[in-house]
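Have a look at the structure below, then the notes.
Values in this text are rule-based calculations from the coordinates and carry no lab data. Just so it is clear, the structure is predicted and the values come from calculations on it, not from any experiment. Here the Cβ positions follow ideal geometry from the backbone for every residue, glycine too, while neighbour counts run over all protein chains shown.
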């Protein structure tokens with residue numbers, strides 16, 4: 001396995017360059033632990049993102065929403 005050294009002496013050693021596959025991943029034990037749960041990859045959403053998802057769900061559950069979003073009268077979406 002090639003090491004990821006990018007000190008400027010030689011070719012760039014990162015995924016996608018110099019014969020290292022684009023989808024290459026280091027084994028879990030070689031990773032840098034940077035938090036309380038180092039290898040937890042659960043998606044996190046902010047309150048703003050959750051509010052936007054709730055708004056989009058509210059709009060798309062209304063009958064005729066696909067036509068209302070194209071209408072210049074914005075009050076139809078508020079109904």
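Evaluate the distance, in nm, between pseudo-label points positioned 7 Å from the Cα of residue 61 and of residue 13 along their respective Cα→Cβ axes.
Placing both labels 7 Å beyond Cα along the Cβ direction yields 5.4 nm.
Stretched out fully, how many nm does the piece from residue 30 to residue 73 gain, at 0.36 nm a residue minus the Cα gap?
That works out to 9.9 nm of additional length.
In nm, what is the difference between 0.36 nm times the number of residues separating residue 20 and residue 47 and their Cα-Cα distance?
Difference between extended and current length: 5.9 nm.
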